[in-house]
Structures are given as C-alpha cells and as structure tokens.
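Data first, discussion second: the structure below is written as structure tokens.
The values are calculated or read from the model by the stated rules, or taken from the named source; none is laboratory data. Since the structure is predicted, the reported quantities are computational estimates derived from the model, not experimental observations. Ligands, DNA and RNA are stripped out before the accessible areas are found, and what is left, the full protein with its side chains, is counted by its heavy atoms. Shrake-Rupley method; radii C 1.70, N 1.55, O 1.52, S 1.80 Å.
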Amino acid sequence: MRKQVFTVLLLLLVLAGCAPSPAPDPAPVPVPEVEEPAVPPPEPVEVREPEPDPRAETVEAILGAMTLEEKVGQMFFPRCPEVEAAEKIAGFHLGGCLLFTKDFKDSGKNWLTAEQLMEKLEGYQAAASVPLLIGVDEEGGTVARASRNPNLFPEKFQSPRRVFARGLEADPEGGFNAGIEAIRADAAEKSAGLRRYGINVNFAPVADVSAGPEDFMYDRTFGADAREAARFVAVSVLEMNRAGVGSVLKHFPGYGDNADTHTGIAVDERPWEQFMIHDFAPFREGILCGAGAVLVSHNIVTCMDGALPASLSPEVHRILREELGFEGVILTDDLAMSAVEDYAREGSVAELAVLAGNDMIVTSDFEKQIPLVLEAVEAGRIEESMLDEAVRRVLGWKYDLGLIGETND
C-alpha cells in the first residue's frame, strides 16, 4: 500500500516539474510623443448692425416729443365738430376726425363741391399737430356718407349684396367669381375717390355675418356664408390698401342677429364655438390681408364677458390680440351710444375704454372725455405706458397710410 502511495506522489512531482514556467511580463512599449496641432484662433464674429426700420424710427421720434395732452388727443377719433372744427382739432390734438353726411354740406345745407370739400379737409390737416386720420362710413347701401353728394360721385354706392348681385347679372356664367370681381371694382372706385378728396380712412368693410332679413345688421353685411364673407372682406381690404385708404373691420367679435346698440343693450348668448367657426372667419381674413384697424361693438357677448360690452371688455380685446393675432389699431364703436351709457364712471366711459385695450375712441363727446382720461392718467388709474403703446399703433397706421414719414417730409 505504501509503495502505491509513494508511486502516485512521485508521479505528481514529475508532472509538476514538467509544467511550463509563467512567461515574464512584456516590457512596456514606449509611446512616441505626438505634437498637438496648433489650433488657430477663432475668426472674429462680425456683429452686424440691425437694419434701420424707418417706420419704427419715425414713430418713436414723434412719440418721444409728445406731451401727455398730445398722446391722449391722438387716441381720439371723434365725429367732426359741428363748429370751430379746425380750432378743436388743434386744441385737443385729435388723432382723427370722422365725417358724417352733414360734413359734406355747407351752412345752407347745400352739397359742397369737390373743391370746397378738399379745401375744408386741407384746413383740418393744417390745424393738426400730427397729420390727421380723416374717416367716413362709406359702406354703400344704407350707410353711405360721401357718395350721397352728387358733386363727388355720379351715384350713391350700393350695398355689397347689391354689388355682388350686379356682378352675377352681368356675367351669369362667371358664378361667385363674377360677383367678387364686381366687389373688387367697386372697392377700387370707392377708395380712389375718397383718397382723391382727402379722406384716408373708410370705416368698412362690414365683416359681420348675418343670416336673416330680420336681423338689424342684415342689409349691411355680405351674406350668411362665413367663407364667402371672408372672401368679400379680403378683396375689399386689398383694394383699399392699394388706394392708400385705411380699412376698419367691423363690428368685432361679430354682430350676428343682435339688436341695435344705438338704442340700448344687446346681449349675445351664442356659444364660443359659433364665433370660432363662423363669426371670426371674415375678421381673420381681413387681418391676414393687412387691415389697419378693427372696430369693437357694444354687444355683451356672454361666452367672452357677461358683464361688460365688448368695447369695454379687456377679455374681448385679449381675444382679438392673442387668438386672432391682430397687431393694428383697435377702435371703439361710438361711445355716445345708449348701450354704454350705464357703464360710465362719473361720465368717464373713455377711461374704461382705454383700460380695456382700445387704441382709439370714437365719440362725439371728446371735449368732456379727453380731460377725464388725462385726469385718470395723472391720478395713476391709467399707466402712461398704456398710452404709449396705443399711440405707437396709431402713428404706425398713419405711417402706413403715408401721412407721416419720408413720403410726407
């Protein structure tokens, strides 16, 4: 037994002796030093001066030189004063002046000649501290001021509905496009005539959509189809722009079938979806085509603001700015209307209008309202920065119409 154990041990020793010795660690291979390539210094970045913006420069130069009284005055687009118009335009620094039928007649109620009208409006411009927006409601049809004067136009302009129908009658095979071509020609003729006489703003087109003849706004609208109304608005705005006449889309957010706000409150209880799908369409199209202004109605629209008329509602103005992306001038409807009388604080309805976000205020009561707005600014109820933003838009509109800037120097 011992002999066998010894034999096994001897065999293990022999095998262990035959195992190869572990190889020594290899010598480290020297790594040659590599010179880092020289990094060239960065090229100097050329800082380019921003391109000059003549519009912004002109606006800021005029705004920077204005007194508080001049800023407030620029925010008013009142009915033209019946007496001492030029003196009041100068004294209140008015931004605009809205003409009515009486303004196209002399003191004896005779129609002015073209020369007399132009001389009159040139006098208004000469009195203005900043060139004046001179406007008129020349929609055609029931609302036509200038074209009632036979010395200015051969006949009164017809309503958009009638103009469209006339186009269809002249070219039955042309369909909708024939009617729209008649609208285009009508807008071009109207705008060129107004500008020739010194009128640079037309409170048109009516962007409301109305379905039935029983609606207050029906006769003044293009029709019931929102897409067709949007096409009408687009063509009208483009032709007005070509003629250098400012357009005013009205009556935001859409009048619908509501009652006449000249005589009292109109409450619109239609749902939000109705406005998004239907009523906003013509306003959106007009804005895309470069409309300079939007006029806000006095309707109380419950889905937007159930407490205040649209013209005095910050929420309605927010929707116009943010939801529709409008950057131009927002005007009130006439603040002398019965629909807003009950909302005035001690007669300062214009203060509410400014706080709501209006850039310009339409009223015949400017001699009372301007001092009240000034008092509100001085008392801190209205920030002067709000006035600055509004006046920037007003001056920008005047620049776009060629009233201020290089072309007017």
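With viscosity 1.567 mPa s and temperature 4 °C, the Kirkwood radius over alpha carbon pairs of segment 226-322 converts through Stokes-Einstein to a diffusion coefficient of 94 µm²/s. Within the accessible surface of segment 238-369, defined with a 1.4 Å probe on protein heavy atoms only, the carbon and sulfur portion equals 48 percent.
Note on segment 88-127: the C-alpha convex hull projects to 3.0 nm² when averaged across all orientations.
How far is the Cα center of segment 311-379 from the Cα center of segment 53-114, in Å? Here the two parts' Cα centres lie 18 Å apart.
With contacts taken as Cα pairs under 8 Å and at least 6 residues apart, segment 154-219 reaches a relative contact order of 23 percent. Mean projected area of the Cα convex hull of the chain, taken over all directions, amounts to 46.3 nm².
For segment 269-349, evaluate the Debye formula with one uniform point scatterer on each Cα (no solvent term) and list log10 I(q)/I(0) at q = 0.13 Å⁻¹, rounded to two decimals. The calculated log intensity ratios at q = 0.13 Å⁻¹ are -0.42.
The tail of the calculated P(r) for segment 294-409, taken as Cα-Cα distances beyond 21 Å, holds 38 percent of the pairs.
Pairs of Cα atoms in segment 52-158 fall into 5 Å distance bins, from 0 up to the last occupied one, in shares of 2, 12, 19, 20, 16, 12, 8, 7, 3, 0, 0 percent. Helix 160-170 axis versus longest C-alpha principal axis of the chain: approximately 90°, rounded to the nearest ten. Restricting the calculation to Cα atoms, segment 142-275 shows an Rg/Rh of 0.98 when the hydrodynamic-style radius is the Kirkwood one. Helix 366-378 axis versus longest C-alpha principal axis of the chain: approximately 30°, rounded to the nearest ten.
Here residue 109 is the anchor, and the lysines within straight C-alpha reach of less than 20 Å, apart from those fewer than 8 places off in the same chain, are 120, 156.
Using the 1.4 Å probe convention, the accessible area of the chain works out to 50 Å² per residue with neighbouring protein chains retained. Sequentially through segment 75-86, phi angles give Karplus couplings (6.51, -1.76, 1.60; θ = phi - 60°) of 8, 10, 10, x, 4, 4, x, 6, 10, 6, 4, 4 Hz, Gly and Pro residues having no value and appearing as x. Could you work out which residue, out of 183, 277, 89, moves most in a Gaussian network model of the chain, that is, has the largest mean-square fluctuation with Cα springs under 10 Å? Checking each option, the largest mean-square fluctuation is seen for 277.
Here segment 203-246 has an Rg and Dmax of 11.4, 35 Å, counting Cα atoms alone. A probe of 1.4 angstrom, applied to the heavy atoms of all protein chains, finds residue 87 with accessible area near 120 square angstrom. Which angle from 0 to 90°, rounded to the nearest 10, does the C-alpha axis of helix 226-243 make with the longest principal axis of the chain? Here the helix axis deviates by roughly 80 degrees. Counting only DSSP beta bridges whose two residues both lie in the chain, roughly 10 percent are antiparallel. By the Stokes-Einstein formula, at 1.002 mPa s and 20 °C, segment 321-389 with its Kirkwood radius over alpha-carbon pairs has D equal to 170 µm²/s. Taken one residue at a time, the phi angles of segment 313-325 give Karplus couplings (6.51, -1.76, 1.60, θ = phi - 60°) of 9, x, 5, 5, 5, 4, 4, 5, 6, 8, 6, 9, x Hz. Gly and Pro are set to x.
Under 5 Å between amide hydrogens, built in the peptide plane, is the criterion, and for residue 363 it picks out 77, 79, 335 among residues at least 5 positions away or on other chains.
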